[in-house]
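Q: What follows is a structure written as structure tokens; I'll ask about it next.
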Amino acid sequence: MEGIMADPAASSISREEELHWLALTLVPGLGTRMAGKLLDRFRTPQAVFRASRSELEAAGVNGAVAQSIASGCSFEDAVDQQRKMAEHGAVVIVRSDPRYPALLREIFDPPVLMFARGRLELLQPFHFAVVGTRRPTAYGLAVAERLGADLARAGLTIVSGMARGIDTTAHKGALSAGGDTVAVLGCGVDVIYPSENRKLAADLFAKGLVISEFAMGSTAFPQNFPIRNRIISGMSAGVLVVEGAQYSGSAITAKLALDQGREVFAVPGNITSKASWGPNLLIKQGAKLVQDWNDVIVELPAEVRRQLIERGRTRLLGNAGASQDGGPASHLEGSLPEIGRRLLAVLQVDTAIHLDDLLQIVEDSSASELIAALFELEMLGLVKQLPGKNFVKVW
């Protein structure tokens, strides 16, 4: 699923405009929230730099920062940033750019801009975050890889932080399935952290996407990671916590997700393991318990599910091709697992059957297996779900 690499020429703004955006974020002491307020008031970075010191102070900027803006001292650093971006094939995605993730724009303090390297089309939906501890158990690693792969196959773009442990494994799971994944860094996109992830970073630059609000060359300071976590949760429809201590970074991400109105999911773990305290507590507090990928999919909004089904159907039919003697549907039916074939034999074109009735008819299958099979059939375009958990076979 490789795409077009990030190209500086692909920017939606001119080089001069880009310079002003960069200079605004590099003003000493300004900060993301105040920069956002200035943009809300003055509309463009150029207008901010044209404003008088008294106008800036009236907008809430303190005297020292207003003087820094007026002096234009950050433009030299902005030129240096453009040079580094050109060296590493990075681009800037500013808040007004139509490619900027729509969900991220809605949070309390969205980044003014983000640096990006890789497939820029992955800035578009549908994003789903998988996060967890840097010190996972074997169970946590297996779960993160499996869910990262399965959710990517279902059409979700897996978002994580490229940290060692669960984050790394979730990215690798998505890539192993030929799926899409985005890494949000707590350092510059030209800085590989942790250093053992050089191979993963290279794969992400080629097949995925790496983004950061931190300037090129920025070191991975510990205080950066809680800041970047709001981006992971903010751009995602939901956040899945695999393992983590009660007060871990993944727990911070889950809290941010709740504050942002996102769905929170958690994988239950061994009650004697400290790595399970975080997700188990989240489940007690109302997070959705996840045993397999379908536990996530069924909780997504109906419109998101519909678009995932359409995307999956297009991909699967494109891979299968049309057969000479019955079209793509008949070609795909022959490769279905037994439960899928049984469901197709039971379902009718003109009469809807409720999920509870299907559970009674296909009685030797669990509810999760049945729901997963129905979703796969939906993706293939063989079954349609009607309101009220009713299903019909597609003619």
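The values are calculated or read from the model by the stated rules, or taken from the named source; none is laboratory data. Treat the numbers as computed from the prediction; the structure is a model and nothing was measured. A quick note on method: Cβ atoms are made from the backbone with ideal geometry, for glycine too, and the neighbour counts reach across all protein chains shown.
Q: Could you please find all residues in region 334-393 being part of a helix (DSSP H, G or I), polar (S, T, N, Q) and more than 21 Å from Ala154 (Cα to Cα)?
A: Gln360
Yes/no matrix, rows are residues, columns are (1) more than 19 Å from Val184 (Cβ to Cβ); (2) surrounded by 17 or more Cβ atoms within 10 Å (Cβ to Cβ); (3) modelled with pLDDT of 95 or more; (4) out of contact with any Lys or Arg (no Cβ under 7 Å at 6 or more places or on another chain):
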residue: Ile211; (1), (2), (3), (4): no, yes, yes, yes
residue: Ala254; (1), (2), (3), (4): no, yes, no, yes
residue: Val267; (1), (2), (3), (4): yes, yes, yes, yes
residue: Trp277; (1), (2), (3), (4): yes, yes, no, yes
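Q: Does any residue of region 88-96 turn out to be touching a Leu at 6+ places or on another chain (Cβ under 9 Å) and either free of Cβ contacts under 8 Å to residues at least 40 places away in the same chain or not hydrophobic (A, V, I, L, M, F, W, C) (or both)?
A: Checking region 88-96: at least one residue is touching a Leu at 6+ places or on another chain (Cβ under 9 Å) and either free of Cβ contacts under 8 Å to residues at least 40 places away in the same chain or not hydrophobic (A, V, I, L, M, F, W, C) (or both).
Q: Check whether at least one residue in region 157-171 is assigned to a loop (DSSP other than H, G, I, E, B), more than 27 Å from Gln307 (Cα to Cα) and of a type in the set (S, T, N, Q), and report yes or no.
A: No, region 157-171 has no match at all.
Q: Hey, another quick one. Among the residues of region 361-380 satisfying the criterion of being polar (S, T, N, Q) and over 13 Å from Leu343 (Cβ atoms), which is surrounded by the most Cβ atoms within 10 Å (Cβ to Cβ)?
A: My answer is Ser368.
Q: Could you tell me which of the residues Arg105, Arg95, Arg83 is touching a Lys or Arg at 6+ places or on another chain (Cβ under 9 Å), within 16 Å of Phe214 (Cα to Cα) and surrounded by fewer than 18 Cβ atoms within 10 Å (Cβ to Cβ)?
A: Arg95
Q: What single numbered condition from (1) assigned to a helix (DSSP H, G or I); (2) within 21 Å of Phe205 (Cβ to Cβ) fails to hold for Val143?
A: (2)
Q: If a residue has to be of a type outside the set (Asp, Glu), outside any loop (DSSP other than H, G, I, E, B) and surrounded by fewer than 21 Cβ atoms within 10 Å (Cβ to Cβ) to count, how many in region 173-199 make the cut?
A: The total comes to 5.
Q: Considering Gly60, Gly89, which residue is at positive phi, out of contact with any Pro (no Cβ under 6 Å at 6 or more places or on another chain) and at pLDDT below 95?
A: Among Gly60, Gly89, only Gly60 is at positive phi, out of contact with any Pro (no Cβ under 6 Å at 6 or more places or on another chain) and at pLDDT below 95.
Q: What's the number of the condition Ala206 fails, among (1) of a type outside the set (Ser, Thr, Tyr); (2) touching an Asp or Glu at 6+ places or on another chain (Cβ under 8 Å); (3) surrounded by fewer than 18 Cβ atoms within 10 Å (Cβ to Cβ); (4) without any contact (Cβ under 8 Å) to a residue 60 or more places away in the chain?
A: (4)
Q: Among the residues of region 226-249, is any farther than 24 Å from Val27 by Cα, surrounded by fewer than 18 Cβ atoms within 10 Å (Cβ to Cβ), among the polar types (S, T, N, Q) and in contact (Cβ under 8 Å) with a residue 12 or more places away in the chain?
A: yes
Q: What's the total number of residues in region 141-191 that are under 16 Å from the mean Cα position of the chain (by Cα), closer than 18 Å to Arg119 by Cα and β-branched (Val, Ile, Thr)?
A: 6
Q: Further question: Being assigned by TED's automatic domain parsing to the domain that holds Gly269, among the hydrophobic types (A, V, I, L, M, F, W, C) and at pLDDT below 95, is that true of even one residue in region 95-113?
A: no
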